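Working notes, beginning with the structure itself.
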Amino acid sequence: MSLLILALGLAVAAPGDTLPALELSAGLEGWRLAPGDASMVKVENGAATLTAPQANCGVETRPLVLGQDLKAAQVYEISANVQNHGVQQGTFGFSVCCNDARGARLTQFSGFSLSPGSRQSAGRRRIKIGPGTTNAYPQGTHHVVIRFSFHDIGGKPAGSVTFSDVAITESRSETVNGWPPSIVVNCGEIQTRLESRSFWTLYRLDYQGVRLGKDQFGSHWGSVANFPGTGFIGSGHTENEDEVVRDVQLFADGKKLDPPPPELTASELVLTKRSQLRSIELNSKITVTSDWIDEEVTVQTSQPVELNVFYHFMHPWLPVMSDYLAVLPDGKQVSGKFVDDSGMRISSPVAWSAVYSDELQKGALTVVLAVPTNQPWDTRYWDKPEVYRKHYFATFEKALMPANQAFYYKVRSAPFSATPETWQATATRLADKMR
């Protein structure tokens with residue numbers, strides 16, 4: 001079986017081959033700092049340790065040119081051993097960047113990330129790229145680079161991570177049981193995407209051809225639980241453990257699709273899923289129509305579980321969203337501007353809440369339709385600069401989830417168009433219609 005050995009010591013293999021992919025015994029030969037200097041990287045015993053010294057920094061391979069180093073029509077799995085020594089600020093990422101012929105970045109595919117809440121652990125991390133995957137090369141891609149980096153919005157990340165045995169292996173598409181890795185759904189003027197890497201959650205919201213909800217792996221949708229001593233588990237948070245999917249089914253206009261196509265148009269799309277986060281069982285349902293999207297989840301555990309927090313209905317709205325509005329259960333209104341301070345907005349139970357963009361003249365509304373009685377919860381938006389205005393439905397914060405008791409939650413979300421002068425009135429009318 002033929003092998004392609006690149007000048008940087010990177011081995012590209014066909015399926016079935018197992019090869020050490022990168023010899024770091026020669027230091028950073030074949031790699032480049034982007035940005036940073038040699039003091040940020042220590043190479044020892046075939047492994048590289050990247051330490052963020054209160055500055056954004058990264059290490060990446062030389063350009064791997066499509067049609068020369070890599071086959072443009074081939075799927076590749078890129079993997080590496082990653083050991084987390086601790087992230088105190090910002091994020092660490094293992095990713096693949098697609099660049100044009102001038103070196104300008106077209107997109108960045110996230111394979112694995114770490115944050116201050118991530119457990120100090122080691123493991124083999126993987127990402128697939130190429131046609132037939134969720135990480136298909138965008139038009140204009142000339143080359144890719146494999147990247148390990150620290151980044152912080154304020155420019156002062158802190159942490160240390162070791163990586164080794166970086167490998168590129170020829171692979172196959174990500175279809176499982178005939179299902180594609182991603183399913184684009186068109187319902188009237190609403191378009192969304194279902195993502196396999198986050199164990200079948202929403203992953204995008206477009207309205208009238210305009211992107212409102214992010215479609216970037218790392219900006220996760222769905223449900224996630226934070227376990228003391230471990231961190232987040234669920235949806236795309238695979239840095240600690242994977243959500244275990246027991247069953248997933250998809251229906252378009254009442255007809256079961258097995259397997260579904262990679263893109264479909266329907267009046268109504270329904271996805272049901274049974275999954276597990278340790279002892280916690282989740283029964284989730286997503287219904288997409290031309291008017292709105294319903295999300296439902298029932299959770300219960302077979303044994304009592306201490307949680308730091310349990311988030312549902314995560315919606316990472318674009319950072320271009322400029323305003324928020326909420327109506328509390330007693331009818332009181334809370335409104336304001338997003339100010340890019342990484343703070344949380346609202347943090348209260350609501351009847352409904354909305355975000356709006358002056359620039360896009362569009363917004364998104366979420367109405368709360370069902371919550372358990374006598375169980376604390378709140379709605380909050382994370383005002384993360386340049387990243388998102390992320391909607392969270394927070395439950396079981398610093399609390400014990402009791403055994404053998406079902407907790408049912410449901411929200412309904414809808415996009416809308418309005419002028420800056422009328423958006424609050426438009427959102428209010430739409431909320432009344434949706435309840």
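Here are the numbers for this structure:
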quantity	calculated
Residue among 243, 296 that is modelled with pLDDT under 95, closer than 21 Å to residue 393 by Cα, surrounded by 15 or more Cβ atoms within 10 Å (Cβ to Cβ) and in the same structural domain as residue 366 (by TED's automatic domain parsing)	243
Check on residue 421, out of contact with any strand residue (DSSP E or B) (no Cβ under 9 Å at 6 or more places or on another chain), farther than 22 Å from residue 203 by Cα and of a type in the set (D, E, K, R)	yes
Residues satisfying the stated conditions in region 299-341, i.e. among the hydrophobic types (A, V, I, L, M, F, W, C), under 14 Å from residue 356 (Cα atoms) and surrounded by 19 or more Cβ atoms within 10 Å (Cβ to Cβ)	317, 318, 321, 325, 326, 338
Some residue of region 131-148 being touching a Pro at 6+ places or on another chain (Cβ under 9 Å), surrounded by 19 or more Cβ atoms within 10 Å (Cβ to Cβ) and aliphatic (A, V, I, L, M)	yes
Residue, surrounded by the most Cβ atoms within 10 Å (Cβ to Cβ), within region 246-271, restricted to residues that are part of a loop (DSSP other than H, G, I, E, B) and of a type outside the set (A, V, I, L, M, F, W, C)	260
Residue selected from region 116-154 under the condition β-branched (Val, Ile, Thr) and either in a loop (DSSP other than H, G, I, E, B) or touching a helix residue (DSSP H, G or I) at 6+ places or on another chain (Cβ under 8 Å) (or both), by the criterion farthest from residue 262 (Cα to Cα)	153
Failed item, numbered, when residue 375 is tested on (1) within 20 Å of residue 431 (Cα to Cα); (2) part of a loop (DSSP other than H, G, I, E, B)	(1)
Set 351, 370: member being in contact (Cβ under 8 Å) with a residue 60 or more places away in the chain, closer than 24 Å to residue 294 by Cβ and surrounded by 15 or more Cβ atoms within 10 Å (Cβ to Cβ)	351
Pair list, Cβ under 8 Å, 6 or more apart: region 71-96 residue farther than 14 Å from residue 122 by Cα, other residue outside any strand (DSSP E or B) and among the hydrophobic types (A, V, I, L, M, F, W, C)	90/153
Where residue 310 falls short, out of the listed (1) touching a residue at least 12 places away in the same chain (Cβ under 8 Å); (2) farther than 20 Å from residue 366 by Cα	(2)
Residue match in region 339-351 (condition: in contact with a strand residue (DSSP E or B) (Cβ under 8 Å, 6 or more places away or on another chain) and within 20 Å of residue 429 (Cβ to Cβ))	yes
Residue ID - modelled with the lowest pLDDT, chosen from residues in region 383-397 that are crowded, with 18+ Cβ neighbours inside 10 Å and outside any strand (DSSP E or B)	387
Members of region 208-234 found to be in a loop (DSSP other than H, G, I, E, B), buried (at least 24 other Cβ atoms within 10 Å of the Cβ) and modelled with pLDDT of 95 or more, listed by number	221
Hits in region 203-241 - residues which are within 20 Å of residue 123 (Cα to Cα), of a type in the set (D, E, K, R) and in contact with an Asp or Glu (Cβ under 7 Å, 6 or more places away or on another chain)	none
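The values are calculated or read from the model by the stated rules, or taken from the named source; none is laboratory data. Keep in mind that this is a model prediction, so the values were computed, not measured. Cβ: placed from backbone, ideal geometry, glycine included. Neighbour counts: every protein chain shown.
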